[in-house]
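The values are calculated or read from the model by the stated rules, or taken from the named source; none is laboratory data. From a predicted model like this one, the values you see are computed outputs, not experimental measurements. Here Cβ is always computed from backbone atoms with ideal geometry, including for glycine, and neighbour counts include all displayed protein chains.
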Amino acid sequence: MAAIYQAAYRGAALFCRSHSTYVRKMRYLNKLKEDDSLCRQAQTSGTFYLFHNLSPFLRKVGKKYLIPQLSAAAGASEKSVIEAELKGSFTDLRKALFVVDEKDSTLLASAQALLRWHDSHQYCSKTGQPTQKNIAGSKRVCHASGITYYPQASPVVIILVSDGSRCLLARQPSFPEGMFTALSGFCDLGEAVEEAARREVAEEVGLEVESLRYSASQHWPFPSSCLMIACHALVRGQQLKISMNSLELEEARWFSLEEIVDGLKRGPKSAKQDNGSFLPWFPPKQAVAHQLINEWVKQQTSQPTQVQ
């Protein structure tokens, strides 16, 4: 069960005390990636997250979900033994990201993305020979060709479209019942972020973007390590028209400010009605889509407080 103990290194308290400034911290982390001996030393004082089949281990304590952090000396055990001894279970990452603290959710997403990358890059794409990872897991090398492979993320634009008084949200068939979110799509080769955002809106809902404003970015591990680039888009006086050729969108519609505020207060459980249908609800606060929606609400209401 060695795969269970493929884990993400988290800096120990000693590391934090020794590297108090951001520059020192970044330079130290960069050195860890390249210096195998330094990385081995760090592992003895670091703590680890447990994964099994790309699912992280969580333990429920009261109403909170916590992540046990183990030392390198913990040793390997069978999955069932670990779950029994640590009183928890390996949990699907999509669920885990929304029940742990923000700091932990970021680390879990990064760790799983790295584990997934290693699993899919065990062979050189040019020679077909096995690749070897370094101690830090920051790269893989094909010694037959000399090629070094580094983990990469695919750029994805996520766009909250507004006509000034309403915002546009959509859903895919694979989404949980009732959940709507902002439009999104991968950037094509040779395409700038602005071009990708305008193209995605035009393709999916038949609207021409008048202006575009960057908001934030977020690493997202689904479907396979994406960099989400979040933007606000403004359109005016145009009719919504979902592409008949779209294989992604099941529904897209305009939401008023009142509907958005109400939807932000719901979760998947509270959205279900007695007749089995679902009221609209939106991604939780860990997702950058939630941030886009909140920013739009604050812009409409001119209130500095955040809707939760």
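Laid out as a table, the results:
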| read-out | value |
| --- | --- |
| Subset of segment 151-210 [among the hydroxyl-bearing types (S, T, Y) and surrounded by 14 or more Cβ atoms within 10 Å (Cβ to Cβ)] | S162, T181, S184 |
| Test: residue in segment 123-137 that is touching a residue at least 40 places away in the same chain (Cβ under 8 Å), part of a helix (DSSP H, G or I) and closer than 27 Å to L32 by Cβ | no |
| Scope segment 250-281; condition over 23 Å from S165 (Cα atoms) and either part of a loop (DSSP other than H, G, I, E, B) or at pLDDT 95 or above (or both); matching residues | E250, G267, P268, K269, S270, A271, Q273, D274, N275, G276, S277 |
| Residue in segment 261-285 that is farthest from the chain's Cα centre (by Cα), counting only those that are closer than 19 Å to R94 by Cβ and surrounded by 18 or more Cβ atoms within 10 Å (Cβ to Cβ) | A271 |
| Filtered residue count, segment 231-249, keeping only those that are in a loop (DSSP other than H, G, I, E, B), over 16 Å from A170 (Cβ atoms) and among the hydrophobic types (A, V, I, L, M, F, W, C) | 0 |
| Failed criterion for S20 (all others in (1) in a helix (DSSP H, G or I); (2) modelled with pLDDT under 90 hold) | (1) |
| Every pair of residues 6+ apart whose Cβ atoms lie under 6 Å, when the first sits in segment 163-187 and is closer than 18 Å to W281 by Cβ while the second is of a type in the set (G, A, S) | R166/S256; A170/A252; G178/A271; T181/A289; A182/A289; L183/A170 |
| Hey, E208 among the charged types (D, E, K, R) and not in a loop (DSSP other than H, G, I, E, B) or not | no |
| Which numbered condition V235 misses (of (1) within 29 Å of A153 (Cβ to Cβ); (2) under 25 Å from the mean Cα position of the chain (by Cα)) | (2) |
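Residues are listed down the side, and each one gets a yes or a no for (1) in a helix (DSSP H, G or I); (2) modelled with pLDDT of 95 or more; (3) farther than 30 Å from V61 by Cβ; (4) not β-branched (V, I, T):
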position	(1), (2), (3), (4)
R94	yes, no, no, yes
S105	yes, no, no, yes
P155	no, yes, yes, yes
L168	no, yes, yes, yes
A197	yes, yes, yes, yes
